[in-house]
Amino acid sequence: MSGVVLVVNAGSSSIKLEVFATDGLARLANLLFEGIGVRPAMRAKDGAGAVLAERMWAEGGPADHRAALAEVTAWLAPFLGERRVVAVGHRVVHGGPEHALPIVVDAAARSALARLVPLAPLHQPHNLAGIDAMAALYPGVPQVACFDTAFHRGHPFVADAFGLPRTLYDEGIRRYGFHGLSYEYISGRLVEVAPEIAAGRVIVAHLGNGASMCAIRQGRSIDSTMGFTAVDGLPMGTRTGQLDPGVMLHLMTARGMDAAALTRLLYNESGLKGLSGLSSDMRDLEAAGTAQAREAIAYFVYRARKELGALTAALGGLDALVFTAGIGENSPTTRAAICAGMEWLGIALDDRANAAGETVISAPGSRVRILRIPTDEERMIASHALALLRARGGP
């Protein structure tokens with residue numbers, strides 16, 4: 001009977017489930033449930049890309065993560081058949097200051113991770129719901145938590161601290177950074193596709209519904225645009241990105257907004273959705289062509305360009321820029337806009353290669369290499385889960 005590792009990645013509006021064989025981590029199947037609460041749709045494919053199941057809900061479909069997980073697990077059991085699940089890996093957004101490595105989740109760890117929910121309210125509850133669902137479905141099977149914050153735990157003090165009393169830093173009020181699993185995977189892929197720059201000064205732009213950028217030197221994170229929570233830095237699908245904290249003080253005093261109202265504003269009603277008044281999806285905005293949609297895109301690009309310059313300063317120069325994640329991988333228009341006029345930094349884009357979505361999209365002679373590399377957080381999680389299982393004496 002063959003063994004498999006399952007990977008559950010429950011995001012802010014989607015659930016991804018991947019099935020990997022323990023032998024070589026061959027991908028056997030992947031399922032994506034997206035549009036939760038908006039336009040629910042589920043599609044499962046085998047390792048070769050053939051569709052195994054597909055369903056869309058016009059109305060009355062799963063409206064929250066709990067209902068979506070029920071649909072996912074209902075499909076999973078008959079697909080696995082006699083295959084034995086040896087571990088389930090989970091993307092967990094926040095690991096706090098304690099966790100720089102994956103862990104097996106027991107009751108104490110589950111409680112500790114739940115206490116971090118206020119730091120990642122858009123993600124952490126869904127991550128924990130995935131752990132609970134899989135633990136109930138596969139009792140006794142190790143549930144491995146892999147943290148989006150772990151890759152950034154080696155930051156220097158100046159990159160992690162706020163200008164607040166030091167006692168607050170010691171209590172954990174600091175910049176954590178997120179999307180670490182994606183950055184860790186991209187760092188590994190650079191060794192394979194561009195070894196001559198993998199140990200150099202690299203900025204990775206993880207641009208999707210959640211968006212951030214990371215400065216990496218010699219394969220290690222030294223700074224990131226995200227901070228104490230996953231709402232900082234770049235504007236995102238529904239999240240503000242960087243915001244003067246005085247704005248929140250004003251909204252509290254002038255409008256009487258409480259913590260719940262501010263949370264909804266910052267996490268659910270802002271970003272591309274709030275600026276455009278139309279959608280959180282870059283594809284919708286690029287197709288809409290309205291003035292508000294164009295301005296929302298322009299703001300997203302402007303902020304990315306500012307962070308590109310700031311992270312280059314943190315690195316002391318730049319050898320490569322990597323685009324990844326939904327927008328970074330699939331929007332040549334956004335990539336071109338971010339790179340336009342950046343020749344002073346040594347960035348020169350090859351328009352043809354960019355439009356074709358090639359791996360290397362920098363122009364010949366560009367001092368900075370520009371690459372488009374699809375991320376694979378799920379494979380990174382599966383690798384971590386299997387390595388931890390084997391370190392504990394498992395198969």
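For this structure, a couple of remarks:
- Here the spin labels are modelled as points 7 Å beyond Cα on the Cα-Cβ line, and at Thr290 and Glu59 they lie 2.2 nm apart.
- Portion, in percent, of the accessible area of segment 132-270 that falls on carbon or sulfur, probe 1.4 Å: 57
- Sorted on the mean count of surrounding Cβ atoms within 10 Å across their residues, most packed first, peptides 62-71, 368-377 read 368-377, 62-71.
- Dimensions of segment 171-240 along the principal axes, based on C-alpha atoms and rounded to the nearest Å, stand at 36, 30, 16, largest first.
- When shorter helices are ignored and each DSSP H run of at least 4 residues is given -39500 (n - 2.57), the per-residue value for the chain at 222 nm works out to -11500 deg cm²/dmol.
- Glu171 - accessible surface, heavy atoms, 1.4 Å probe, Å² rounded to 10: 140
- Overall dimensions of segment 1-152 by Cα: Rg and Dmax, Å: 15.3, 44
- Treating each Cα of the chain as an identical point scatterer and summing with the Debye formula, the log10 of I(q)/I(0) at q = 0.06, 0.09, 0.13 Å⁻¹ comes to -0.23, -0.53, -1.17.
- Label separation (Arg264 vs Ala340): 3.7 nm, computed from points 7 Å beyond Cα along the C-beta direction.
- Volume per residue that the Cα convex hull of segment 129-181 spans, once the total is divided by residue count, Å³: 112
- Accessible area of segment 321-395 divided out per residue, in Å², using a probe of 1.4 angstrom: 42
- Note, ³J(HN,Hα) from phi for segment 274-280, Karplus 6.51, -1.76, 1.60, rounded to Hz, x at Gly and Pro: x, 5, 8, x, 10, 7, 8
- Separation between Cα centres of segment 1-75 and segment 291-347, rounded to whole Å: 31
- Pairwise label distance in nanometres, Glu358 with Asp106, each label 7 Å out on the Cα-Cβ vector: 5.4
- Note that segment 30-143 presents 49 Å² accessible area per residue, ligands and nucleic acids not counted, probe 1.4 Å.
- Evaluated at q = 0.09, 0.15, 0.18, 0.21 Å⁻¹, the base-10 log of the normalised Debye intensity for segment 186-337, with identical point scatterers placed on the Cα atoms, takes the values -0.32, -0.80, -1.05, -1.26.
- Listed residues Arg220, Arg83, Arg175 arranged by accessible area, highest first, probe 1.4 Å: Arg220, Arg83, Arg175
- The length gained on full extension between Ala254 and Ala135, counted as 0.36 nm times the residue separation minus their Cα-Cα distance, comes to 38.2 nm.
- Under 28 Å from Lys306, Cα to Cα: lysines that are on another chain or at least 8 residues apart: Lys273
- Note on Lys16: aspartates and glutamates with a C-alpha under 16 Å away, same-chain residues under 8 apart excluded, are Glu34, Asp46, Glu54, Asp64, Glu71, Asp132, Asp148, Asp376, Glu377, Glu378.
The values are calculated or read from the model by the stated rules, or taken from the named source; none is laboratory data. Predicted model, so just to flag it, every value in this text is computed and none were measured. Positions of Cβ are backbone-derived with ideal geometry, glycine not excepted, and every protein chain shown enters the neighbour counts. Ligands, DNA and RNA are excluded from the accessible area calculation, which covers all protein heavy atoms including side chains. Shrake-Rupley method; radii C 1.70, N 1.55, O 1.52, S 1.80 Å.
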